[in-house]
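Here the structure comes first, spelled out in structure tokens, and everything after it is commentary.
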Amino acid sequence: MALGVPVLIAALGGVVLTSQAALAGQDAPAVTCTLTVPAEPLSAKGLATPYRLEAPCHEADAGSAAFVQATIIDPATGAVSVYDPLVIDAGSRPAAPPTPPKLPAGAVVGIWFGFNGDDLRLAGDHGSLAAGMCVNGEAGSIFGQFAYCNAPALFSAANTAIAAGRLGVPALGTAADGRPCPTTRDFGLVDMDQSDNVTTTYLVLADGTTAQNTAANRAALARRGARVEVNGSDNALLDAHVFPALGCTPYRAPDLADAGAPATSLALNELQAAAHQAAPVALVPTSDPMTKAGDKQSVAKTNLYRAGVGQPAIDARAETPKVYCANLLQVGTERIELDRSLTVRAPSPDPEAANSLFTFLAQRFSGAYDALDCPRLLRTKNPVTVTTDAKGVAVSARLTVPPHPSASPSHSPTRPASASASPSAAAPVSTSPPATRQPGHSAEATRTTTTAPPQTTVQTTQPPQTTVHTTQPPATTQPPPPVHTTAQAAHPVQTGQAGAPGTTGTDGTGVRTATTATTPAAPAVADPPGGTGAPTGGVKGANADVPGLAVDAMRLKDPKHTTAALTGASLASTTIGVTLLVGGAIGCIAAIVHAVRRNRGRYFPAPDTATTRISPW
């Protein structure tokens, strides 16, 4: 299905511009699924009860798979642990029964959700949403792929244990590049919608049934062709890809489903970032597509999202989208370029999007920079030029790193952030005020596509290709220096309404053609489960760290920009050609802006077709 993103075709003496919408006639529907939360979700029984993914969605389909992750703390001792509840198709049985967790007395449980589709609707079972203090956004305005249950209470209990000396959060350590290891709040890692999705993985069998990814289940189900299914996630990108490439170690805790084997989680990443991320600290901005309400930024909804990841309430006067972009431009480009020699040798999380971790991060940054409207806010064009092969795979990238502002040290974090006093701190958050949602918009860049045969090695030294940034204003001023924001202490954010039906999560993952619904209405829990546009399924990849198992390719949720090939005779060869170029470009830009506003900038073209492929990362 087309998405209304223009296709530029070179012609003699001019450029003929048309749109993919004209070629295919309509947009692909969003992938919307409903996940039923079991009764008493914060109890041991509730954790061990499978969550049900309602038809027409299927957990075995990488493009509509949902994921659940719990982190538990014992307030008496400060001990933390992890448990990944299972998701199954409604009406099916697990491939292996979930392992019941043994929870300490008085345990505080937080639950987070990830999704490889667009909109994940949480439905209740016997009052489970209210019992679990579950939040998907607010009525009529969902977050996206992200949702949580009882998360503020978990972070509050953890901060109390930290302050009392009962919980020690491990230091970040030093990366192979000589810098502190990154976190989920590092401008060298964040993207258009930071701190979303989880590190949970499941085993999926050929018959579509699923099981928890434990050592016992891997051994028992390997002969039945079990494969590992993953959630395209900022957290998984950090823990499973960036950390190994930089020689860093993620924060882990015992997995209660896997005999205490060490496991990562979203909550552990956020706790470590709160304790140790130095300034400038990346906190969820109001320009994040998941925190907008319609096309408008929402402080209230941003605070509701922040409460779910242990971040303080926003100081909207200091923490502006422009400040966020300035830090992203300076710190992000510098760190990606600094680590090039390390990441260019590391495998790509999504081989169909990029041929190395370096090109993957570069194209991801490029998409985030445009989606957050940074070119307009900073009056500085996209600093990344990505070259793709004939299959649309990013094979090389060139970054323009802005010079450091001499008066600002923000390019090199040196001051650790306190877990109780800094902007990065996960300040104790109890129940909190509701916020508002917006599906978000972006300003996606257009860049040239090389049409050379597919390449198997990264070209890091080739000269940059001519790039046409049709949606970006020309650089007219130097970007503002990175700014250290000083968010005020979090005022409580009500999550008491979290159980209200109709809040859902969105975001796109998997290989498919889809667009994100622009202003989804809040459905009632009693509404029939639904989802439009069943996706086409995932692609098995090569993350084969589990012997005997095929592993689904981990895919990025950020865009490989729509690209334009300008070939043939000179555009100025005839007056007609020039007229076509100028007039057509105006229509092209308008179509791009319309498309990215509707699709949140998470799309990139499928080679040789009029479709757009979405990567879940």
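Do we find that VAL230 is within 16 Å of GLN69 (Cα to Cα) and out of contact with any Cys (no Cβ under 8 Å at 6 or more places or on another chain) in this structure? Answer is yes for this residue. Within the range 192-214, residues that are farther than 18 Å from ASN269 by Cβ and touching a residue at least 12 places away in the same chain (Cβ under 8 Å) sit with their Cβ atoms under 6 Å from residues that are open to solvent by less than 10 Å² (accessible area, probe 1.4 Å) and of a type in the set (Phe, Trp, Tyr), at 6+ positions apart or across chains, in these pairs: THR210/TYR202; ASN213/TYR202. Of the strands (runs of 3 or more DSSP E) lying entirely inside the range 25-79, those carrying at least 1 residues that are at pLDDT 95 or above and closer than 19 Å to ALA267 by Cα are 66-73. Among the residues of the range 75-97, none qualifies, meaning not one is closer than 25 Å to VAL31 by Cβ, in contact with a strand residue (DSSP E or B) (Cβ under 8 Å, 6 or more places away or on another chain) and aromatic (Phe, Trp, Tyr).
In the range 130-144, the residues that are on the phi > 0 side of the Ramachandran plot and modelled with pLDDT under 95 form Cβ pairs under 7 Å with partners that are buried (at least 24 other Cβ atoms within 10 Å of the Cβ) and among the aliphatic types (A, V, I, L, M), at six or more places apart or across chains, as follows: GLY144/MET290. Any idea which residue in the range 217-255 is surrounded by the most Cβ atoms within 10 Å (Cβ to Cβ), counting only those that are among the basic types (Lys, Arg) and not in a helix (DSSP H, G or I)? This residue is ARG227.
Of all residues in the range 23-42, those that are within 30 Å of PRO101 (Cα to Cα) and open to solvent by less than 50 Å² (accessible area, probe 1.4 Å) have Cβ atoms under 8 Å from Cβ atoms of residues that are at pLDDT 95 or above and of a type in the set (Asp, Glu), 6 or more apart or on another chain, in CYS33/GLU54; THR34/GLU54; LEU35/GLU54; THR36/GLU54; THR36/ASP125; VAL37/ASP125; PRO38/ASP125; ALA39/ASP125. For ILE73, the conditions (1) within 22 Å of THR201 (Cβ to Cβ); (2) open to solvent by less than 10 Å² (accessible area, probe 1.4 Å); (3) not small (Gly, Ala, Ser) all hold with the exception of (1).
Just checking, which of ASP207, ASP258, ASP196 is surrounded by 23 or more Cβ atoms within 10 Å (Cβ to Cβ) and charged (D, E, K, R)? Among ASP207, ASP258, ASP196, only ASP196 is surrounded by 23 or more Cβ atoms within 10 Å (Cβ to Cβ) and charged (D, E, K, R).
For the range 326-357, a tally of residues being in a helix (DSSP H, G or I) and closer than 17 Å to GLY232 by Cα returns 1. For the range 121-179, the candidate set comprises residues that are hydroxyl-bearing (Ser, Thr, Tyr), in contact with a helix residue (DSSP H, G or I) (Cβ under 8 Å, 6 or more places away or on another chain) and in a strand (DSSP E or B); within that set, the residue that is farthest from ALA267 (Cα to Cα) is SER141.
Is it the case, given these coordinates, that LEU86 is at pLDDT 95 or above, crowded, with 23+ Cβ neighbours inside 10 Å and under 21 Å from ALA226 (Cβ atoms)?
For LEU86, the condition - at pLDDT 95 or above, crowded, with 23+ Cβ neighbours inside 10 Å and under 21 Å from ALA226 (Cβ atoms) - is met.
Quick one: would you say GLY310 is assigned to a helix (DSSP H, G or I) and of a type outside the set (A, V, I, L, M, F, W, C)? No. Among the residues of the range 339-357 satisfying the criterion of being out of contact with any strand residue (DSSP E or B) (no Cβ under 7 Å at 6 or more places or on another chain), in contact (Cβ under 8 Å) with a residue 12 or more places away in the chain and over 20 Å from GLN194 (Cβ atoms), which is surrounded by the fewest Cβ atoms within 10 Å (Cβ to Cβ)? Checked the range 339-357; the qualifying residue surrounded by the fewest Cβ atoms within 10 Å (Cβ to Cβ) is ARG345.
Across the range 376-399, the qualifying residues are those that are within 19 Å of ALA282 (Cβ to Cβ) and either hydrophobic (A, V, I, L, M, F, W, C) or part of a helix (DSSP H, G or I) (or both), and the one among them that is most open to solvent (accessible area, probe 1.4 Å) is LEU377.
The values are calculated or read from the model by the stated rules, or taken from the named source; none is laboratory data. Because the structure is predicted, anything quoted here is derived from the model rather than measured. Backbone-built Cβ (ideal geometry, glycine too); neighbour counts: all protein chains shown. SASA here: full protein model, heavy atoms, side chains in, ligands and nucleic acids out. Shrake-Rupley method; radii C 1.70, N 1.55, O 1.52, S 1.80 Å.
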